[in-house]
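Worksheet: the structure to be examined is printed underneath.
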């Protein structure tokens, strides 16, 4: 007689106790030293009542679980020495499982359920689809190939399960209570199929508690309390069983078997095919839960759209500010700003510095300034504008030519900290319309200011006409709360003497401060510095928007963790049909990344729409391709980062525990 295909010696299985995953629970031994040989081509029934240990024995036979003690040899190879990938290959190539609960993947139709083992075997899509269709046709289900499990009867689902078991050859069919959930007629049909498979040379191991079902096998092994109490063939078929075993196909040579296993483990499908299958599976899984997928996408969409919109607004504000600087300034003006000294300490400039600079040759005017946003209120009109706090020298420094109404700021207003205000022409129109403006009161950040003048429209355009002007002394102390100027604006008489005048300004201020803790900006330097400041502001805005991406990523991780819990049984099914740990990890990671990528695309589109709306409302917006690529790349990275832990958790599940999951 040929050597056994399956050889068990002293197999024990214990749950709980030391060394078990359920350590801390009382130790319970389910199998007590099982000795069993099964030859290739046998039709064996393992029969016993519920709790006898027959299902546990089937899990060990199918390499879904490991024995606590004893030796299990398959084709002469000790199973205990195999790695996780080798066990996955063995389940994929040698075994086909038929479960009482069918264990079909709900999100796949019958055709794709049958194909699952071939997917992990690296079979091409065309080849496996052809074979799956042939198997379904052979089992009378060709018209049901496009139906999902919930659209099939119990008998049809079990036949799909048998077709899946045969997809990669099904050399050993492990059928666990295959008729337990079926009506009588469907049960007869399933048993007839199993007998046909046994007659065709498949090794069939049937797990059942029903003596009538077990009696249809050619050999019955009775189990009770984790022990084999009888091993015999039914009397009516004992002679036929003996002939069958004698004529059974030989077990594979151990050396050839190991060589084939090594080749199968080392050479699966190409990475491109694996990636394609992962994407297809991910798309089907996400499509099956559209509403939850949409909610998951929302966090990524908001994050990406925020990054694009805020960076576009920041860039637009930068360019707008550059235009504003150009409108307010001219070539013969320089500015002095606070800087840092050699010790890295931040310096300040003062009104006294402005007074010193007025004494420098070639300086016609030196004026401290503060520029900032304010909220204006006049009657029932609220308006947010930019306020300029400076002295009466502004008319000369900025080349403003005349007043439309009233007077401009002067030294008396500065000296007395007067709460008076001059309006740009556009600001006056917005606040008072056709009404009288002079003498009226305007709340500036809740401080009442009296209107003493309206500036005529300037050549600078809206950037000046849409502002308000207040005395420096009043603005620094009562509006902005900062006594130190933001800049000292200096106008030179002779442009040709710019270099020597800048050197004289530098020397004067260093002498007054005792060190250099300031910066002197001519037009080009000022523009460059402002660009840098605005870039930092844009970066800050992008970082703030990036927080939305992080929140979206956490949402992805949370949803994926829920998906792992909800699809635990699916994971077990995939492992039983030959999926390796990295296959499971790749699938769930692909789902997370796909959610992020779809969210990234939608976020880019929505960000562009938001930008377009802002442009329609008159907001300065400049889109950046780099910002879009950055946001999209961050979305993909978010899916990869936050999807890794759930994917790894799914890959680490124990097949038996996963199959029992809800």
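The values are calculated or read from the model by the stated rules, or taken from the named source; none is laboratory data. Being a predicted model, the structure only gives us computed values, none of them experimental. Because the Cβ atoms are built from the backbone with ideal geometry, glycine has one as well, and the counts that use them run over all protein chains shown.
Modelled with pLDDT of 90 or more and farther than 25 Å from residue 119 by Cβ: does that describe residue 173? Considered against the rule, which asks whether it is modelled with pLDDT of 90 or more and farther than 25 Å from residue 119 by Cβ, residue 173 comes out as no. Determine whether region 616-623 contains at least one residue that is touching a residue at least 12 places away in the same chain (Cβ under 8 Å), surrounded by fewer than 18 Cβ atoms within 10 Å (Cβ to Cβ) and part of a helix (DSSP H, G or I). No, that holds for no residue. All conditions in (1) part of a helix (DSSP H, G or I); (2) at pLDDT 90 or above; (3) surrounded by fewer than 19 Cβ atoms within 10 Å (Cβ to Cβ) hold for residue 438, with the sole exception of (1). Flag not set for residue 107, criterion: more than 30 Å from residue 280 (Cβ to Cβ), part of a loop (DSSP other than H, G, I, E, B) and in the same structural domain as residue 218 (by TED's automatic domain parsing). Scanning region 441-467 for residues that are part of a strand (DSSP E or B) and either out of contact with any helix residue (DSSP H, G or I) (no Cβ under 7 Å at 6 or more places or on another chain) or under 17 Å from residue 379 (Cα atoms) (or both) gives 441, 442, 443, 444, 447, 448, 449, 450, 451, 452, 453. Looking across region 134-165, the residues that are without any contact (Cβ under 8 Å) to a residue 40 or more places away in the chain, surrounded by fewer than 17 Cβ atoms within 10 Å (Cβ to Cβ) and either part of a helix (DSSP H, G or I) or over 37 Å from the mean Cα position of the chain (by Cα) (or both) come down to 134, 137, 138, 140, 142, 143, 151, 153. Residues 636, 631, 613: which one is free of Cβ contacts under 8 Å to residues at least 40 places away in the same chain and either under 17 Å from the mean Cα position of the chain (by Cα) or under 15 Å from residue 308 (Cβ atoms) (or both)? Just a single option satisfies the conditions, and that option is 613. Name the residue that is farthest from the chain's Cα centre (by Cα), counting only residues in region 345-383 that are part of a loop (DSSP other than H, G, I, E, B) and closer than 19 Å to residue 484 by Cβ. Checked region 345-383; the qualifying residue farthest from the chain's Cα centre (by Cα) is 358. Checked against the criterion of being in the same structural domain as residue 159 (by TED's automatic domain parsing), within 28 Å of residue 161 (Cα to Cα), buried (at least 20 other Cβ atoms within 10 Å of the Cβ) and without any contact (Cβ under 8 Å) to a residue 60 or more places away in the chain, the candidates 94, 118 yield just one match: 118.
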